[in-house]
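Note sheet for the following structure.
The values are calculated or read from the model by the stated rules, or taken from the named source; none is laboratory data. Small disclaimer: the values here were computed from a predicted structure and weren't measured. Cβ atoms come from the backbone with ideal geometry, glycine included; neighbour counts cover every protein chain shown.
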Amino acid sequence: MMMERLPTKLWVDALVRRAQVAGAAAFVLQSGDQERGDVLIKVARLDGTAAAYIPTMNMEGERIFIDLIVQGIGPEETAVDAYIRKARDRDRDLWAIEIEDRDGRHFLTEPVEHPE
């Protein structure tokens, strides 16, 4: 059953706050549409590697996130940054969030699909 989504700004604010409370740094690189903008999350491990996550819907209509390593994006931080630049240029309604965490935590509460 598909659930109603929170406004994107509220969801982003909660993600940033979760990261900060846990001792990580989190920044909004680009603000998008406040109600329905898509979100791209970068997690920088501060060692030259990073991960990127984007939302999608699973077969049950639930929002999940995909680790873009499955599409060959990362783990080099430069590759993740290049992808984010292109995504930001394509979609002005996109929210781009960067989390800096040595442990690589993403702080998402939604399920995350990782490569097998």
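Can you tell me which of Gly23, Gly48, Gly37, Gly104 is modelled with pLDDT under 95 and among the small types (Gly, Ala, Ser)? Steps first, answer last, please.
Working: Gly23 fails: modelled with pLDDT under 95; Gly48 fails: modelled with pLDDT under 95; Gly104 fails: modelled with pLDDT under 95.
Within the list Gly23, Gly48, Gly37, Gly104, the selection yields Gly37.
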Query raised in the report: What number of residues within the stretch 43-61 satisfy the criterion of being surrounded by 15 or more Cβ atoms within 10 Å (Cβ to Cβ) and of a type in the set (Gly, Ala, Ser)?
Result: 4
Report summary line: Checked the stretch 17-42 for anything of a type in the set (A, V, I, L, M, F, W, C) and surrounded by fewer than 18 Cβ atoms within 10 Å (Cβ to Cβ); matches are Val21, Ala22, Ala25, Phe27, Val28, Leu29
Requested in this report: Output the residues belonging to the stretch 24-65 that are of a type in the set (Gly, Ala, Ser) and touching a residue at least 40 places away in the same chain (Cβ under 8 Å).
Outcome: Ala24, Ala25, Ala26, Ser31, Gly32, Gly37, Ala44, Ala51, Gly61
Query raised in the report: When Ile64 is evaluated against the numbered criteria (1) in contact with a Ser or Thr (Cβ under 8 Å, 6 or more places away or on another chain); (2) loosely packed, with under 13 Cβ neighbours inside 10 Å, which criterion, by number, is the only one it fails?
Result: (2)
Report task. Enumerate the pairs (first residue in the stretch 8-20 and assigned to a helix (DSSP H, G or I); second residue anywhere and of a type in the set (Phe, Trp, Tyr)) with beta-carbon separation below 7 Å, excluding pairs fewer than 6 apart on the same chain, so at least 6 apart or on different chains. Result -> Thr8/Trp95; Val12/Trp95; Leu15/Phe107; Arg18/Phe107; Ala19/Phe107
**Report entry** So Arg105, is it basic (Lys, Arg), in a loop (DSSP other than H, G, I, E, B), touching a residue at least 40 places away in the same chain (Cβ under 8 Å) and surrounded by 12 or more Cβ atoms within 10 Å (Cβ to Cβ)
**Finding:** yes
